[in-house]
1. Please specify each residue of segment 121-144 satisfying the condition of being of a type in the set (Val, Ile, Thr), buried (at least 17 other Cβ atoms within 10 Å of the Cβ) and farther than 17 Å from TYR41 by Cα.
2. Of the conditions (1) among the hydrophobic types (A, V, I, L, M, F, W, C); (2) closer than 23 Å to GLU25 by Cα; (3) touching an Asp or Glu at 6+ places or on another chain (Cβ under 6 Å), ILE88 fails just one. Which one is it?
3. Tell me the residue from LEU94, LEU70, LEU98, LEU53 that is aliphatic (A, V, I, L, M), open to solvent by 20 Å² or more (accessible area, probe 1.4 Å) and within 15 Å of ALA156 (Cβ to Cβ), please.
4. Residues in segment 145-158: is at least one of a type outside the set (A, V, I, L, M), in contact with a Cys (Cβ under 9 Å, 6 or more places away or on another chain) and under 15 Å from GLY105 (Cβ atoms)?
5. Go through segment 158-253 and tell me which helices (runs of 4 or more DSSP H), entirely inside it, have 1 or more residues that are polar (S, T, N, Q), touching a residue at least 60 places away in the same chain (Cβ under 8 Å) and within 30 Å of THR76 (Cβ to Cβ).
6. What are the residues in segment 203-244 that are over 18 Å from the mean Cα position of the chain (by Cα) and open to solvent by 90 Å² or more (accessible area, probe 1.4 Å), if any?
7. Hey, among SER66, SER101, SER77, SER84, which residue is of a type in the set (Ser, Thr, Tyr) and either more than 26 Å from THR172 (Cβ to Cβ) or in contact with a strand residue (DSSP E or B) (Cβ under 8 Å, 6 or more places away or on another chain) (or both)?
8. Answer yes or no as to whether GLU35 is of a type in the set (Asp, Glu) and open to solvent by less than 40 Å² (accessible area, probe 1.4 Å).
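The values are calculated or read from the model by the stated rules, or taken from the named source; none is laboratory data. Fair warning: this is a prediction, and the values are worked out from it, not measured in the lab. Note that we place each Cβ from the backbone using ideal geometry, even for glycine, and neighbour counts take in every protein chain shown. Keep in mind that these areas ignore ligands, DNA and RNA; they rest on the heavy atoms of the full protein, side chains included. Shrake-Rupley method; radii C 1.70, N 1.55, O 1.52, S 1.80 Å.
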Amino acid sequence: MIKKIERILIELANIHRFVMRFFREVFMPPYEFKEIIRQCYVVGWKSLPLISLTGFITGIVFTNQSRPSLAEFGATSWLPALISIAIIRALAPLVTALIASGKVGSQIGAELGSMKVTEQIDAMEVSGTNPFKFLVVSRVLATTISIPVLSFYTAAVGLFGAFLSVNTAENTSFRVYFDQVFEAVTFLDVFSLVLKAVVFGFTIGIVGCYQGYHSSKGTEGVGRAANWAVVMSMFLVFIEEILIVQIIQAMRA
């Protein structure tokens, strides 16, 4: 039991050093702009098909599930406002983060893990390159930048999917629907989306990089790094969702 607690404390210390090293390296030259742009392409553009499908389906399903409850009270006219609040406040950043955790987090963990076990990272250090800045800082910045952009895209696609559902059931026009959508959205709702997306993006990037950067035991370690990158990032995303919701609610009061 004591040894297990000791291992946990050592792991927490390693995570703390890793995160602090990121914040130290991110402000120090040289800046790997080309690698950051390349990682943004990998994280953002290559995730668009999956994000598009998921966001579209989320909007349709949420609308179809919400309509019967509102219809019982004769309040189906509130549906666009309800959809906009739900998608922008919660569903868009959360769905985007969960999809990115599975796709991007596992990719980062496996990529850095394979480089670690094949000693490519050690070779970069010997050649005079800073592997932490090139591999870790660029990927964490890419996820921190790309996830907010993808979250806005998910919100747009989800609202469009919801519009098709509302239009089919109630023949609501495009203009009337989006007038009601934007009337219900406040600055604090948009701020909540951005805050969640930035925190989620940073978490996905730092967890994936940490797991890959510290992997060992050959191919088995690579698989474990990819698996833990997904599991831990999803777990932390849910914890952060709870905490940020409490902060936003306090700001509304």
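1. Of everything in segment 121-144, just one residue is of a type in the set (Val, Ile, Thr), buried (at least 17 other Cβ atoms within 10 Å of the Cβ) and farther than 17 Å from TYR41 by Cα, namely ILE121.
2. (2)
3. LEU53
4. Within segment 145-158, one or more residues are of a type outside the set (A, V, I, L, M), in contact with a Cys (Cβ under 9 Å, 6 or more places away or on another chain) and under 15 Å from GLY105 (Cβ atoms).
5. Hits in segment 158-253: 174-184, 187-213.
6. HIS214, LYS217, THR219, GLU220, ARG224
7. On inspection, the qualifying residue turns out to be SER101.
8. So GLU35 passes the test.
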